[in-house]
Amino acid sequence: MCFMQEILKLFRERESFVIAGHSGPDGDSIGSCFGLALALEKMGKKVHVMLEPYAQKYNVIPGRHFLYPRLKEDFPIEVFVALDCADYERLGVYRPLFDRAEFTVCIDHHETNEGFAQFSYIESTASSTSEMVFRIIEQLTEPTADIASAIYAGIVSDTGGFRYGATHKSTMEIAARLMDMGIPFTEIYNELMHRHRFSAGKAMGVVLMNAMQSHDGRIVYSYITRDMLADINADPSDLDGVVEYLMSTRGALSAVLIYERHRENEVKVSLRSKGPNVGRVAKVLGGGGHALAAGATTKGNVAEIMSKTIPLIMKEIMTYTMEVNPGIINVYKEKGYTSHDVVAILRKIFGKQIGHTGTLDPEAEGVLPVCLGRATKLSNYITAESKTYVAEVILGVTTDTGDMTGAILTQKDAINDKEKIIAAVESFKFENRGQYMQIPPMYSAVKINGQKLYELARQGKTVKRPARPVVIHDIKVINFADDRFTIEVTCSKGTYIRTLCEDIGNDLGCGAAMGHLKRTQSGVFSIENAYTLAQIQAAANDYSLDDMILPVNQVLPYPMGIINPDNLVRARNGNPLLLGAVEIDKPLEDGEKCWLKDPYRITGLFRKEGKKLRVEVML
């Protein structure tokens, strides 16, 4: 969203301006406001700047003479400029001035900003609003040393002294140009980054004494009340930079600082992150910001707002973890649920793209691996793995579905010869029969001429189905009981156990149908470490779902390679890579697969072809 030319025209043609930053102004808000005010003043414009009280260290930024504590209700406002303000609400007490203005402008770099002014210039990739304002100023007038100082201070503040990820090459180039304009850059940097009031040090101490961690250490959070600040002769402006200190805790992914402001029942939430999107959290709380730095001012008490904030961050951490490390969860599907039911329930818990890796009938139970997020791209690899079942074979009966949920078609006396039963069962082993040509049942999801068989079966139709080769790796009888027995079978993808039971009954001459069915293994997933839906929901409530998710590289244990930094863009675009572009522990044979990762996450599954690695699946 960019009305740059319209904004430049307003700045050139209009004469009176009111500039305001967000409530609880920081260095970027102050620096951009004063920098633009100084530039407009140099052009002969009339300028008023509206900012709430701010920390003493920001007095190093020139432009304080523009500050007006309040304007008369009948003061005419020609152009209102909102700087570094993610949304209308963040203007706080200056919203009525915005509403009265003839023209409104918003210049901001927060990704949650949807453009609330008539003319908005939003650039979410910019390091700071000050950097954006400098680009505008350069098109209006020659920057002075004071203008350069204000802009430099704003950039230094919002990049954490050029340490944050939003610091780009262009940011450093602008900073170098500002330094060449004769600004006291060392004094500005030291004042903003290294000095603080004595009361600020005491406030930091109180916050650290109140600090807590989530059970896994990935969230560090703290609070300070109005009374606590008063006891040490401090105020909210002394808390500048404290949440960044919390964020520097080793192992933390997100940090939260909640404190009471001057007004009764008004609470400020400051959020920082090393990955999870706290901008979305701030938006829910009525604020805004970036994915890695955001905030909100809301009504309530500290305990109430903290209890609302922490679960929101937990959810973002869970989402972030699945994005960075996509994985699979081993679900124990219980009787009565369809595989679709399981996916629908999990989608409500995880809120992401989800897919199972092999259907189980509603009355069957057992292992159902479910892919989460980008791991769904690997479902074909996981479904290709062999599976193990325990099934009950009921002799002397056949049904229209192949199991005991269907209508009975025939009944005969059951065979009781155990040796004959064992021989018939074991004849289906690959070592005895080779590939087993199996006709899929009518009640199945196999498609014939584009239509699923179960849809035809429900219409009372039966169609010819071609036999398909499957492999029975192992099969044995594990229990006998009257007219039935139990088998354990390990088989290839696409094997229908109902049909296997029917074929065993046909070989015995008395017919058979399947009773209960339990899948005990699917690839690396076993029933011993499968989780019920209730267990998964409890883990979601306790924010411990990560412990249940198996990373894709453990499910498909191919070698892992690390992409050299110069080749990251090629890899992320899915282009072939030379073998020398990655570091991998073992040599690969042609056709062999490997995972490739960048510094942050697994990029995808690649396959060796000659001297290159070509993408199989991008994650």
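The values are calculated or read from the model by the stated rules, or taken from the named source; none is laboratory data. The structure presented is a predicted model; accordingly, all values stated were derived computationally and were not measured. We place every Cβ from the backbone using ideal geometry, glycine too, and count neighbours over all the protein chains shown. Surface areas here come from the heavy atoms of the whole protein model, side chains and all, with no ligands, DNA or RNA. Shrake-Rupley method; radii C 1.70, N 1.55, O 1.52, S 1.80 Å.
Residues in segment 492-546 that are touching a helix residue (DSSP H, G or I) at 6+ places or on another chain (Cβ under 7 Å) and among the β-branched types (V, I, T): how many?
4
Let me confirm something: among S254, S248, S270, which residue is under 16 Å from H22 (Cβ atoms) and either among the polar types (S, T, N, Q) or under 21 Å from the mean Cα position of the chain (by Cα) (or both)?
S270
Six or more apart or on different chains, Cβ under 6 Å: which pairs go from a residue in segment 54-65 that's under 19 Å from R261 (Cα atoms) to one that's open to solvent by 70 Å² or more (accessible area, probe 1.4 Å)? Could you list them?
Taking only residues 6 or more apart or on different chains, the pairs are Q56/R197.
Given the conditions (1) in a loop (DSSP other than H, G, I, E, B); (2) buried (at least 24 other Cβ atoms within 10 Å of the Cβ), which single one is not true for R90?
(1)
Given the conditions (1) assigned to a helix (DSSP H, G or I); (2) in contact with a strand residue (DSSP E or B) (Cβ under 9 Å, 6 or more places away or on another chain); (3) surrounded by fewer than 22 Cβ atoms within 10 Å (Cβ to Cβ); (4) touching a residue at least 12 places away in the same chain (Cβ under 8 Å), and given that K315 satisfies all but one, which numbered condition is not satisfied?
Among (1) assigned to a helix (DSSP H, G or I); (2) in contact with a strand residue (DSSP E or B) (Cβ under 9 Å, 6 or more places away or on another chain); (3) surrounded by fewer than 22 Cβ atoms within 10 Å (Cβ to Cβ); (4) touching a residue at least 12 places away in the same chain (Cβ under 8 Å), K315 violates only (2).
Any idea which of A467, A457, A424 is surrounded by 15 or more Cβ atoms within 10 Å (Cβ to Cβ) and out of contact with any Ser or Thr (no Cβ under 9 Å at 6 or more places or on another chain)?
That would be A424, the only listed residue that is surrounded by 15 or more Cβ atoms within 10 Å (Cβ to Cβ) and out of contact with any Ser or Thr (no Cβ under 9 Å at 6 or more places or on another chain).
Using the structure shown, decide if A571 is loosely packed, with under 15 Cβ neighbours inside 10 Å and of a type in the set (A, V, I, L, M, F, W, C).
no
Which residues, counting only those in segment 584-619, are open to solvent by 20 Å² or more (accessible area, probe 1.4 Å), of a type in the set (V, I, T) and at pLDDT below 90?
The one that is open to solvent by 20 Å² or more (accessible area, probe 1.4 Å), of a type in the set (V, I, T) and at pLDDT below 90: I584.
Could you grab me the full set of residues in segment 126-142 that are assigned to a loop (DSSP other than H, G, I, E, B), within 13 Å of A175 (Cα to Cα) and touching a residue at least 60 places away in the same chain (Cβ under 8 Å)?
Hit for segment 126-142 is S128, nothing else.
Conditions tested, residue by residue: (1) touching a Gly at 6+ places or on another chain (Cβ under 6 Å); (2) not aromatic (F, W, Y).
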residue	(1), (2)
Y88	no, no
D108	no, yes
E114	no, yes
S130	yes, yes
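Condition check ((1) closer than 17 Å to L409 by Cα; (2) open to solvent by less than 40 Å² (accessible area, probe 1.4 Å); (3) in a helix (DSSP H, G or I)) across all residues:
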residue: T490; (1), (2), (3): no, yes, no
residue: G494; (1), (2), (3): no, yes, no
residue: R498; (1), (2), (3): yes, yes, yes
residue: C501; (1), (2), (3): yes, yes, yes
residue: G505; (1), (2), (3): yes, yes, yes
residue: C510; (1), (2), (3): yes, yes, no
residue: M514; (1), (2), (3): yes, yes, no
residue: L517; (1), (2), (3): no, yes, no
residue: Q521; (1), (2), (3): no, no, no
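What are the residues in segment 152-196 that are open to solvent by 80 Å² or more (accessible area, probe 1.4 Å) and either small (G, A, S) or in contact with an Asp or Glu (Cβ under 7 Å, 6 or more places away or on another chain) (or both), if any?
Answer for segment 152-196, where residues must be open to solvent by 80 Å² or more (accessible area, probe 1.4 Å) and either small (G, A, S) or in contact with an Asp or Glu (Cβ under 7 Å, 6 or more places away or on another chain) (or both): there is none.
Among the residues of segment 523-535, write down those that are in contact with a Pro (Cβ under 9 Å, 6 or more places away or on another chain) and open to solvent by 70 Å² or more (accessible area, probe 1.4 Å).
If the condition is that a residue be in contact with a Pro (Cβ under 9 Å, 6 or more places away or on another chain) and open to solvent by 70 Å² or more (accessible area, probe 1.4 Å), then V524 is the only one that fits.
Counting just the residues of segment 28-58 that are modelled with pLDDT under 95 and part of a helix (DSSP H, G or I), which one comes out most open to solvent (accessible area, probe 1.4 Å)?
Taking the candidates together, the pick is Q56.
On the basis of being closer than 30 Å to I408 by Cα and either open to solvent by less than 50 Å² (accessible area, probe 1.4 Å) or under 31 Å from the mean Cα position of the chain (by Cα) (or both), does K387 make the cut?
Spelling it out, K387 is indeed closer than 30 Å to I408 by Cα and either open to solvent by less than 50 Å² (accessible area, probe 1.4 Å) or under 31 Å from the mean Cα position of the chain (by Cα) (or both).
Of (1) open to solvent by less than 50 Å² (accessible area, probe 1.4 Å); (2) polar (S, T, N, Q); (3) in contact with a Ser or Thr (Cβ under 8 Å, 6 or more places away or on another chain); (4) farther than 14 Å from G402 by Cβ, N479 satisfies all except one. Which?
(1)
Could you grab me the full set of residues in segment 468-490 that are free of Cβ contacts under 8 Å to residues at least 40 places away in the same chain and farther than 20 Å from V397 by Cα?
Passing the criteria: R468, P469, V470.
Could you list, in sequence order, all residues of segment 409-421 that are open to solvent by 100 Å² or more (accessible area, probe 1.4 Å), within 18 Å of M514 (Cβ to Cβ) and in a loop (DSSP other than H, G, I, E, B)?
Scanning segment 409-421 gives a single hit, K412.
Identify the residue in segment 225-262 that is in contact (Cβ under 8 Å) with a residue 40 or more places away in the chain and over 17 Å from S199 (Cβ atoms) and, among all such residues, is most open to solvent (accessible area, probe 1.4 Å).
Ranking the qualifying residues of segment 225-262, first place goes to E244.
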